[in-house]
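The values are calculated or read from the model by the stated rules, or taken from the named source; none is laboratory data. Keep in mind it's a predicted model, so treat the numbers as computed, not measured. FYI the Cβ positions are ideal-geometry reconstructions off the backbone, even for glycines, and counts take in every protein chain you see.
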Amino acid sequence: MIKLTNASRLFRTQDIETTALNNINLTVAKGDFLAIMGPSGCGKSTLLSMVGMLDSPNSGDYFFDEVNIAKYGERKLSKLRSSSIGFVFQSFNLIDSLTVFENVELPLLYLKISKDERKKRVSEILKKVAIEHRSAHLPQQLSGGQQQRVAVARALVIKPKIILADEPTGNLDSKNGEEVMAMLRSLNTDGTTVIMVTHSEHDAKYASRVIRLFDGQIIVDQASDVVREVQHA
Amino acid sequence: MLKYLASSALISNYIISAFRSLVRHKMNLVLTVIGLSIGLAAALMITLFTINESSYDNFQPDASRTFRVIFHHKVSDNEYPMTSPRGYPFLTKVSGVEDVLNLINMEFLWTGKVIIGADNFKLEKTIAAHENLTDFIAIDVLHGELATALTQPNKIALSSSEALRLFGTENAVGKTFLSISSNQNIEVSAVFADFSDNTHYAMNSIVSAKRFMNIMGKVSYTYVKLLPGADIESIAEQTTEIFNRIWQDKSNTVRFDLQPLLDIHLAPNHNVDLKVGGSAKTVMVSIALSILLLLISSFNYINMSIAQAGVRAKEVGVRKVLGASKLQLIVQFLTESVVIALTSALLACGLVELLLPAFNQLVGRELAIGNWSQYLFEIIATAVAIGIASGLYPAVFISSFSIHRVLSGDFGRGKTAIVVRKSLMILQSALSVSLIISAASLYFQLNYLQNLDVNYEKNQRLRVLDVPADLLYPQDDQSFYQALSTIDGVISSTPVDFDLTKSTNAGAFVTSVPGIKDFDQSMGFGGVGFDAVQALGLQLIAGRDFSTQYKSDWFNEEQGTVAIIIPESVLAAAGYKNAEQAIGQVWRFDAGPHQSLQGKIVGVVKEVKIGSARNEAYPVLFVCGLTIPSEGSIVIEVDDQNSLKIKQDIIKLVEQRFKMALVEIELVKQNYQQLYQKDNQLVDMVAIFSGLAVFLTCVGMFGLSAFNAQQRSQEIAIRKVLGASRFSLMSLLTSESIVLIAMSLVIAFPVSYYFINEWLNNFNERINQSITIYLIAAFVVALVTWLTVAAIALKTASVKPSLSLRYE
């Protein structure tokens, strides 16, 4: 489904040039649950942005569903992204002046989905992540775990092909973190591809495949420990 | 396409989002909305004022075809709105003229003093007219028959307030009073509603003009109604010929012009107008001020929006991630600014309801909003326009944020953000400083013009009005003035036959000056008495005052000799190198019925400014003991112009000596101020609106500084952790603002100086720009900013660092 070939991303500020990603080659199949790991500054977030069509590579190719989108402009990327990819951020990134319901509804507004359809989908998804009882509340009135659940609901409401999660449990306590990871895993079991950036070895265990980045390059790309244990068992 | 940009669901999302965000950031709400409301309220009131001022007399019958006849003296460039009623039969025959209206000002022909029962009254603003009066002026007759008063002698029509004043009842038809001067009973045959505010016509009572049509003098306001398509130029020329014939004037120094009725109210006032009109200048200045206020409020809004862009950045990033296009984001932020503008408009309407009475006081009008729905469309349209205009740049600016930079948190602290923040601060500060300087300069210049030296003294002067001339200028008997001087508090006194605050009545025609072939300076005639310089407070620059010590100063009819005092401005034309040379010289002049009088110059004074301080000075020849009009007044210098006792003593003396009833006495200063009220109004208006403008910019400065300080809360927390004291943190932030303000002065000072200088050069008399104003302006802005930043810095620096440093 996703194929990056020799993709590189450079950042230039005045006289300093940083190579965030250096000739990345990565293939992700439908239904994968991929964890991206590595020390700080290794380029994880940049890679996620690129995969998530928030950013484009300076050189190399990005094939999404067989189509090379490396040279797509902002408009085209936006269209593709908003119908295919759901985001879950570490800092939730909910809009403070909208209620839970309105936050989850927002992507559907931009997709021009009809009012009835919107209502149906949002209610369904809120039920699914067990936050419906708070649908009229504002984000400030929710706990961290609840906010993340709303964010997950927002990512899901567009029925995405991929979920991209950037340190989804980074701001949560262990109990809430577990809940979120469990949710992601069940989504994956149902068929959604999940790509997750994480620091936590614990969280990485939920994934079926782990890649490790260092200084902008993939140094390890293998099935996760759990899977290998199973394989070796 | 439209659906894509602004489907109703999206719009309601934008509006909900905007409202909730406003409520959360209350300070932002208060600053922007209040700022815009003030600007809009001011604009609304000024619009009402302007519409009202431009609509005077537009309800009169055939208003667009009606013109006033204006006498224009080519040599002195003086204009006079009155002419002789003798022109009537000739004017009606001019081709293109449909009708002619004469309004004869009875002030010149009748004392107006009457007796009703046991009481004395004086009627003022009495007009004599023909039956065609109502063809020109819309008059609402409440009781009786107006035509009777216009056609029959000894009949009068009263305005309803005049009827109330004289008879205590509005329906005074049939009542009579005795006219003292004619010893005849006059009967009231009609009562008409008081004239409304928005007309230049003003009359308290109306009589028939039949008896006065043969008067040669300029006693009649004259209006002509032209046929459609008439040739105005040609009619004006014919009018000139008519009056030249009537006055047998072959000097070709007179020209008549036709002034459209609808232009009269805003055109420059004439001193003999029955009512003080408006001023085109005031209207234009107020329009400029209201536009300025709107601009400032919009600028504040733009500034605050851009400054706060960083705060909205996160939301922008999220929305972009969720699929919003740049255009959709622009529409979102424009919707927000329109919502804010509409809210402000609502508040502005409330403000106007509240403040309209005070505004009416300021401009001396009775403006009212009858029905808000009349203006609804315009108000909404303006609010939307302002919302879009102010919101456009910030909307475009905010929606261009790149997602990556925003979501990485770089935005609020990045280099661009800092540059933007500092530039906005400099800009706002420069604007505020310039504005304060400009407002102050405008005020001082107008004030200066108001208070220019008129070269006579208005303070501590009382004036007794309407005294018969023969009593004031007795041949050989100064006993009245001696008795006057014995009153406690009276310092000096002199008779005067014209009103220095208004105009000269007559002219002095100098026929010969020793050594000069052709002396053609036109001068006004001022008949005064002994101690004229002292009593009037004239500025003597050579020679002496008229004095009882020199009995020969007084006019001697047999010998045709009199002492005169000349104005400084004619010295050059008379060939004198300095004022001293003039003393003792004898000039010959004509005045009124007197020919070839010999006037000996005993003194030279600084030229007086007749009328408004802003008028050109008009040379007046002061003559001792000779007068031409039939009435004059006494100007008395007192030590306390407010003392009731002095006034009573003077009145008693005059009543006794001159056997007069109803002696009128006024303060010269008050009289002057009332006449030039509209000039004062302009200055007041400028002061208030400039004050508002300054207040608004300070609000803008406050908002910006507050916001900037808050943005640095993380930095403050870090510094605190590293050991900074609260005081040093405060100094850090405040010193940055002071530096920024100093930089803004580099822009503001030269720009202000240049433009203000250019403007001041339009005036003959102008103030010099003083460095004090500049320094004070800078100080005020710096103070507002310093206080704001210090307060916020202190507050932020007291917060626990852990709270600020927490990753949001």
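Taking the numbered list (1) over 24 Å from A:GLU201 (Cα atoms); (2) not in a helix (DSSP H, G or I) in turn, A:GLN90 passes all entries but (1). Residues in region B:601-612 that are over 14 Å from B:ALA574 (Cα atoms) and part of a strand (DSSP E or B): B:VAL602, B:GLY603, B:VAL605. The set of residues in region A:19-69 being within 13 Å of chain B (Cβ to nearest Cβ) and hydroxyl-bearing (Ser, Thr, Tyr) consists of A:SER45, A:THR46, A:SER49, A:SER56.
Within this structure, B:ALA18 passes the test of being more than 32 Å from the chain's Cα centre (by Cα), within 14 Å of another protein chain (Cβ to nearest Cβ), buried (at least 19 other Cβ atoms within 10 Å of the Cβ) and in a helix (DSSP H, G or I).
On the stretch given as region A:109-137, residues that are among the hydrophobic types (A, V, I, L, M, F, W, C), in a helix (DSSP H, G or I) and more than 9 Å from every other protein chain (Cβ to nearest Cβ) total 3.
Filtering region A:70-88 down to residues that are surrounded by fewer than 21 Cβ atoms within 10 Å (Cβ to Cβ) and touching a residue at least 24 places away in the same chain (Cβ under 8 Å), which residue is farthest from the other protein chains (Cβ to nearest Cβ)? Going through the qualifying residues, I end up with A:ALA70.
Hey, any hits in region A:16-36 for a residue that's of a type in the set (Lys, Arg) and in a loop (DSSP other than H, G, I, E, B)? Yes: one or more hits. Counting only residues that are surrounded by fewer than 19 Cβ atoms within 10 Å (Cβ to Cβ) and at negative phi, region B:488-502 holds 3 of them.
For residues that are more than 30 Å from B:PRO357 (Cβ to Cβ) and either within 26 Å of the chain's Cα centre (by Cα) or assigned to a helix (DSSP H, G or I) (or both), scanning just region B:21-53, find the one that is farthest from the other protein chains (Cβ to nearest Cβ). Ranking the candidates gives B:MET27 first.
Summed over region A:165-177, residues that are more than 10 Å from chain B (Cβ to nearest Cβ) and under 13 Å from the mean Cα position of the chain (by Cα) total 4. Residue count for region B:152-168, restricted to those that are surrounded by fewer than 17 Cβ atoms within 10 Å (Cβ to Cβ) and out of contact with any helix residue (DSSP H, G or I) (no Cβ under 7 Å at 6 or more places or on another chain): 6. Just one of the numbered conditions (1) within 14 Å of the chain's Cα centre (by Cα); (2) outside any strand (DSSP E or B) is not true of A:SER56: (1). B:LEU484 falls short of the stated requirement of being more than 33 Å from the chain's Cα centre (by Cα), more than 16 Å from B:VAL638 (Cα to Cα) and at pLDDT 85 or above. Evaluating A:LEU106 against the criteria (1) buried (at least 22 other Cβ atoms within 10 Å of the Cβ); (2) within 19 Å of the chain's Cα centre (by Cα); (3) more than 9 Å from every other protein chain (Cβ to nearest Cβ) leaves one unmet condition, (3). Go through region B:659-673 residue by residue and tally those that are over 22 Å from B:ALA118 (Cα atoms) and either assigned to a helix (DSSP H, G or I) or without any contact (Cβ under 8 Å) to a residue 24 or more places away in the chain (or both). Of the residues in that region, 6 qualify. With respect to the conditions (1) charged (D, E, K, R); (2) within 14 Å of chain A (Cβ to nearest Cβ); (3) surrounded by fewer than 19 Cβ atoms within 10 Å (Cβ to Cβ), B:LYS281 falls short on a single one, namely (2). Quick one: which residue in B:PHE359, B:PHE299, B:PHE333 is in contact (Cβ under 8 Å) with a residue 60 or more places away in the chain and within 14 Å of chain A (Cβ to nearest Cβ)? B:PHE333 is the lone residue from the list that is in contact (Cβ under 8 Å) with a residue 60 or more places away in the chain and within 14 Å of chain A (Cβ to nearest Cβ). Filtering region B:348-386 to residues that are under 27 Å from the mean Cα position of the chain (by Cα) and of a type in the set (Phe, Trp, Tyr) leaves B:PHE359, B:TYR375.
Listed here are the residues, each with its yes/no results for (1) touching a residue at least 60 places away in the same chain (Cβ under 8 Å); (2) of a type outside the set (Gly, Ala, Ser).
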{"residue": "B:LYS122", "(1), (2)": "yes, yes"}
{"residue": "B:ILE139", "(1), (2)": "no, yes"}
{"residue": "B:ALA147", "(1), (2)": "no, no"}
{"residue": "B:ILE156", "(1), (2)": "no, yes"}
{"residue": "B:SER159", "(1), (2)": "no, no"}
{"residue": "B:PHE177", "(1), (2)": "yes, yes"}
{"residue": "B:GLN184", "(1), (2)": "no, yes"}
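Selection over region B:533-586 of residues that are of a type outside the set (A, V, I, L, M, F, W, C) and out of contact with any strand residue (DSSP E or B) (no Cβ under 9 Å at 6 or more places or on another chain) gives a count of 6. Restricting region A:4-15 to residues that are within 11 Å of chain B (Cβ to nearest Cβ) and assigned to a strand (DSSP E or B) leaves a set whose member that is modelled with the highest pLDDT is A:ARG9. Within region B:571-590, residues that are among the polar types (S, T, N, Q) reach partners that are surrounded by fewer than 17 Cβ atoms within 10 Å (Cβ to Cβ) with beta carbons closer than 7 Å, at six or more positions or on different chains, in the pairs B:GLN585/B:PRO514.
Among the residues making up region A:93-103, those that are facing chain B (nearest Cβ under 10 Å) and either free of Cβ contacts under 8 Å to residues at least 60 places away in the same chain or not in a loop (DSSP other than H, G, I, E, B) (or both) are A:ASN93, A:ILE95, A:ASP96, A:SER97, A:LEU98, A:THR99, A:GLU102, A:ASN103. Of all residues in region B:302-322, those that are within 14 Å of chain A (Cβ to nearest Cβ), modelled with pLDDT under 80 and part of a helix (DSSP H, G or I) total 4. The C-beta contact set for region B:441-455 (first residue touching a residue at least 24 places away in the same chain (Cβ under 8 Å) and more than 24 Å from B:PHE689 (Cα to Cα), second residue among the basic types (Lys, Arg) and buried (at least 16 other Cβ atoms within 10 Å of the Cβ), distance under 6 angstrom, 6+ apart or interchain) comprises B:VAL454/B:LYS609; B:ASN455/B:LYS606. Checking the stated criteria, B:LYS275 turns out to be of a type in the set (Lys, Arg), surrounded by fewer than 19 Cβ atoms within 10 Å (Cβ to Cβ) and away from every other protein chain (no Cβ under 14 Å).
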